[in-house]
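Here the structure comes first, spelled out in structure tokens, and everything after it is commentary.
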Amino acid sequence: MQIPALEEYGLRCLIQVALRQAERPVSVHEIAQAEGLGPEYVARIMGILRAGGLVESTRGAGGGYRLSRHAREISAWDAITVLGAQLFSEKFCNCYTGRRRECAHATDCSLRSIWQKVRAVLRETLEGISLEDLRRDEGAMRTWLGHQLAASPN
């Protein structure tokens, strides 16, 4: 499974804003430079995030983007869904009909159960990870996730 580029880069842009949240608004150019992305693409991503209510923008000199809520109140799942990811959507099976108009297993599919479970676990996991959590470096994040998984009742 792959996370689409828009969602990956969108999360990375949000993390850049979260890292600087206390300082001042973060400009498109600062985000683009930090992430190695084009400013036009970052502006598009930030527009989606603003429309989705995750960031607020300020115009003019010293303007840029701030999180609309505290970093601990915005989950990775919030970002993924605002950016449009449809991870194992209900229409997933319609994409794999083979030569038929409808999937051969439309009424009885063991694979559908797997994808529904994976989506539920993925959603639960991403809902439990905030932008504040994602401010950690990779090693600290790996350790934190290890503790989170060990504490998980599943």
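Bear in mind that the values in this text are calculations on the coordinates, not laboratory data. Small disclaimer: the values here were computed from a predicted structure and weren't measured. Cβ atoms come from the backbone with ideal geometry, glycine included; neighbour counts cover every protein chain shown.
Assorted remarks:
- Potential lengthening between Arg50 and Arg99 on full extension [0.36 nm per residue; Cα-Cα distance subtracted]: 13.5 nm
- Among 135-141, 8-14, the order from most to least packed when residues are scored by Cβ within 10 Å on average: 8-14, 135-141
- The stretch 33-72: trypsin sites (Lys or Arg not before Pro) in DSSP loop, at most 10 other beta carbons within 10 Å: Arg59
- In this structure, Leu6 and Met141 have a Cβ-Cβ separation that, at R0 = 25 Å, corresponds to a calculated FRET efficiency of about 0.70.
- Using 0.36 nm per residue and subtracting the Cα-Cα separation, the extra length available between Lys117 and Arg69 on full extension is 14.3 nm.
- Per-residue Cβ neighbour rank within 10 angstrom, fewest leading, Val118, Val28, Val82: Val118, Val82, Val28
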